[in-house]
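Data block below; observations after.
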Amino acid sequence: MPSGGVSGYAAIHSRVRVMYSGLLSSEEEVGLTEATDLPALVSSLKNTVYGPYLDRIDEKELDDRKVVSQIKHRISDVYLTVIHSAPANTRSLVIQLFRHFEIDNLKAVLRGIANNSSWQQVQDVLFPLGSLNILPAQQMLESGNIEAAIALLSNTPYHETLTFALKRYSDEQSLFPLEVALDLSYWRKLWASVNQLPGQDHAQALRVIGPLVDLNNIMWALRYRVYHRLSEEEVINYTLPFGYKVHDEDIRTIAAGADVGRVVERLYPGVSNLDALLLDPERGLPKLELQLQRRLIAQFKSVFTGYPFNISLPLAFVLLNELELQDLTVLIGAKSTQMPSEKFSSYLLMETNLDKTAIV
C-alpha cells in the first residue's frame, strides 16, 4: 500500500466515511436511553451496526456481560479494519493505539492471579484482540503467581517493563507499581509512534493523539493527588513529562497541590462549575473527566470536516467508537438493573449531553 498522500489514503478514507455513518445518531441515542430494560435496549441496538454481533446471543441467555462482550467484538473489528487499511507508514501507530486494550487485558490477568480467579472469570472480561493478541493469558493465569506469569511474557514487549517493576511489587505486595509501569510504557510508545511520522501525518496525528495524551495525564495527576494521596515526587514519577498543551510544569503544579483550578482553566477554558468540582474533588473529578471527554468528542468530530487525506481521520474514528463503547457500557449496566434515567444520564457522553466546546 502507498505510504501516504491522497493515493495512500483514498481507500481508507472511503471505508472510514462509510463506517462513520454507522456511529449512533442522536435519535438512536435518545431511543436507547428510553429503553425500559436490557431486552428492550438490545432490541433497539439490533437495528444499528451492532445488530449482527448481538444476534449471536441466545435470547434465553441474555445478560449485561454477554451484551458488552459482543459490543467489544464490534469495536475490535473496527480497529482491525482500520489497521489493515491504513498506509504502511502509519500502521504501527494505529496498532499501538489499539494496544491499550491489551494493557487492560494484562492487568485483568494479573488481578485474576492476585485474587485467585478462575480462567472463566478472567476470560469474561478480556477484550477480544483478534489476530493481534500476543498474550498467553490462560497460561499466565494458570501459572499461579505473578513472577511466573511475567516470565511467560519473555517474547512480548511487556516483559522488560514488568520485570523492572517486580521489585516494588515484591516490596509492597501491590499490583499498583506493575500497572503504573505498563501504563507509562504504553503512552511513551504511543507518543514515540506519533513523533516517528513525517510531515503532515505527524501534525495531523498529533491533532488527535495530543489532546488524548493531555487528558489522560491531567486526570492521572489529579487522581494520584486526590484518591491515592501520593507525594509530589510520586505524582511526578507516575505521570508523563511530555504533552500537546499540557507541559511538565502543569503536572508539577498539580503534584505540589498548588492552584489546580488555574491549570485546568488555562488548558480547558470554560469548564462548567470548575470551582465546585474542585472543592469536592473526590466527587468532582469524574464529572470533570466527563466534561473533558465530551470536548474530545467534539474535537474528533471536527476532523471529519477538514482535509480528509491524512491519518487523523481513521484515528479520530476509532476513538469515537471507543467513546461510544463507554456510553453503551453505562447504558447496558443501567438497563440490566432497570435504573431510572436520572441516576445514570449524567454519566453519558452522548450528543444529547454534549458540551459543544472543542479543544482547539
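Looking only at segment 87-98, which residues are surrounded by 19 or more Cβ atoms within 10 Å (Cβ to Cβ) and either at pLDDT 95 or above or in a helix (DSSP H, G or I) (or both)?
THR90, LEU93, VAL94, GLN96, LEU97, PHE98, listed by residue number.
For THR48, indicate whether it is among the hydroxyl-bearing types (Ser, Thr, Tyr) and in a loop (DSSP other than H, G, I, E, B).
Numbers: among the hydroxyl-bearing types (Ser, Thr, Tyr): yes; in a loop (DSSP other than H, G, I, E, B): yes.
Against the criterion (among the hydroxyl-bearing types (Ser, Thr, Tyr) and in a loop (DSSP other than H, G, I, E, B)), THR48 qualifies.
Could you please find all residues in segment 183-238 being within 23 Å of PRO314 (Cα to Cα), outside any helix (DSSP H, G or I) and not hydrophobic (A, V, I, L, M, F, W, C)?
GLN196, PRO198
Tell me whether segment 209-226 contains one or more residues that are surrounded by fewer than 20 Cβ atoms within 10 Å (Cβ to Cβ), aromatic (Phe, Trp, Tyr) and either on the phi < 0 side of the Ramachandran plot or modelled with pLDDT of 95 or more (or both).
Taking every residue of segment 209-226 in turn, none turns out to be surrounded by fewer than 20 Cβ atoms within 10 Å (Cβ to Cβ), aromatic (Phe, Trp, Tyr) and either on the phi < 0 side of the Ramachandran plot or modelled with pLDDT of 95 or more (or both).
Looking at segment 144-182, which of the residues that are small (Gly, Ala, Ser) and within 24 Å of the chain's Cα centre (by Cα) is surrounded by the fewest Cβ atoms within 10 Å (Cβ to Cβ)?
Taking the candidates together, the pick is SER174.
Scanning segment 61-73 for residues that are part of a helix (DSSP H, G or I) and in contact (Cβ under 8 Å) with a residue 40 or more places away in the chain, which turns out surrounded by the most Cβ atoms within 10 Å (Cβ to Cβ)?
If we take residues in segment 61-73 being part of a helix (DSSP H, G or I) and in contact (Cβ under 8 Å) with a residue 40 or more places away in the chain, then VAL67 is surrounded by the most Cβ atoms within 10 Å (Cβ to Cβ).
For segment 71-105, enumerate the residues that are over 26 Å from ASP55 (Cα atoms) and of a type in the set (Val, Ile, Thr).
Hits for segment 71-105 are THR90, VAL94, ILE95, ILE103.
Does at least one position in segment 109-123 carry a residue that is touching a Gly at 6+ places or on another chain (Cβ under 8 Å), touching a residue at least 60 places away in the same chain (Cβ under 8 Å) and polar (S, T, N, Q)?
Within segment 109-123 (the criterion being touching a Gly at 6+ places or on another chain (Cβ under 8 Å), touching a residue at least 60 places away in the same chain (Cβ under 8 Å) and polar (S, T, N, Q)), the answer is no, since none of the residues qualifies.
Are there any pairs, at least 6 apart or on different chains, whose C-beta atoms fall under 6 Å, with the first in segment 238-263 and outside the structural domain of TRP191 (by TED's automatic domain parsing) and free of Cβ contacts under 8 Å to residues at least 60 places away in the same chain and the second polar (S, T, N, Q) and crowded, with 16+ Cβ neighbours inside 10 Å, and if so, which?
So the pair list comes out as THR239/ASN217; LEU240/ASN217; GLY243/ASN217; VAL246/ASN217; ILE251/THR239; VAL263/THR253.
Test VAL82 against the criterion of being of a type in the set (Val, Ile, Thr) and assigned by TED's automatic domain parsing to the domain that holds VAL318, and give yes or no.
no
Among ASP275, ASP280, which is the only one that is out of contact with any helix residue (DSSP H, G or I) (no Cβ under 7 Å at 6 or more places or on another chain), over 22 Å from ASP77 (Cβ atoms) and of a type in the set (D, E, K, R)?
The unique qualifying residue is ASP280.
Would you be able to tell me the number of residues in segment 132-143 that are buried (at least 16 other Cβ atoms within 10 Å of the Cβ) and either hydrophobic (A, V, I, L, M, F, W, C) or more than 15 Å from ASP104 (Cα to Cα) (or both)?
Kept after step one, since they are buried (at least 16 other Cβ atoms within 10 Å of the Cβ), are these residues of segment 132-143: 135-137, 140-141, 143.
Pick out the ones that are also either hydrophobic (A, V, I, L, M, F, W, C) or more than 15 Å from ASP104 (Cα to Cα) (or both) and you get 135, 137, 140-141, 143.
Of the residues in that region, 5 qualify.
Return the residues of segment 12-34 that are within 19 Å of GLU322 (Cβ to Cβ), in contact with a Ser or Thr (Cβ under 8 Å, 6 or more places away or on another chain), assigned to a loop (DSSP other than H, G, I, E, B) and not small (Gly, Ala, Ser); say none if nothing qualifies.
Hit for segment 12-34 is LEU24, nothing else.
Only one of ASP248, ASP183 is at pLDDT 95 or above and acidic (Asp, Glu). Can you tell me which?
So the residue among ASP248, ASP183 that is at pLDDT 95 or above and acidic (Asp, Glu) is ASP183.
Name the single residue, out of those in segment 231-259 being more than 24 Å from the chain's Cα centre (by Cα) and of a type in the set (A, V, I, L, M, F, W, C), that is nearest to LEU292 (Cα to Cα).
Taking the candidates together, the pick is ALA258.
Just wondering, is there one or more residues in segment 277-295 that are within 30 Å of HIS13 (Cα to Cα) and without any contact (Cβ under 8 Å) to a residue 24 or more places away in the chain?
Scanning segment 277-295, I find no residue that is within 30 Å of HIS13 (Cα to Cα) and without any contact (Cβ under 8 Å) to a residue 24 or more places away in the chain, so the answer is no.
Only residues that are aromatic (Phe, Trp, Tyr) and part of a helix (DSSP H, G or I): list them for segment 295-328, please.
If the condition is that a residue be aromatic (Phe, Trp, Tyr) and part of a helix (DSSP H, G or I), then PHE300, PHE304, PHE317 are the ones that fit.
Hey, can you tell me all the residues within segment 186-201 that are out of contact with any Ser or Thr (no Cβ under 7 Å at 6 or more places or on another chain) and at pLDDT 95 or above? Can you show your working first?
Within segment 186-201, the first condition is being out of contact with any Ser or Thr (no Cβ under 7 Å at 6 or more places or on another chain), and the residues that meet it are 186-192, 194-196, 198-200.
TYR186, TRP187, ARG188, LYS189, LEU190, TRP191, ALA192, VAL194, ASN195, GLN196 - these are the residues of segment 186-201 that are out of contact with any Ser or Thr (no Cβ under 7 Å at 6 or more places or on another chain) and at pLDDT 95 or above.
So which residues in segment 262-285 are within 14 Å of ARG225 (Cα to Cα) and part of a helix (DSSP H, G or I), if there are any at all?
LEU278, LEU279, PRO281, GLU282, ARG283, GLY284, LEU285
The values are calculated or read from the model by the stated rules, or taken from the named source; none is laboratory data. Computed from a predicted structure; not experimentally measured. Virtual Cβ from ideal backbone geometry, glycine too; neighbours counted across all protein chains shown.
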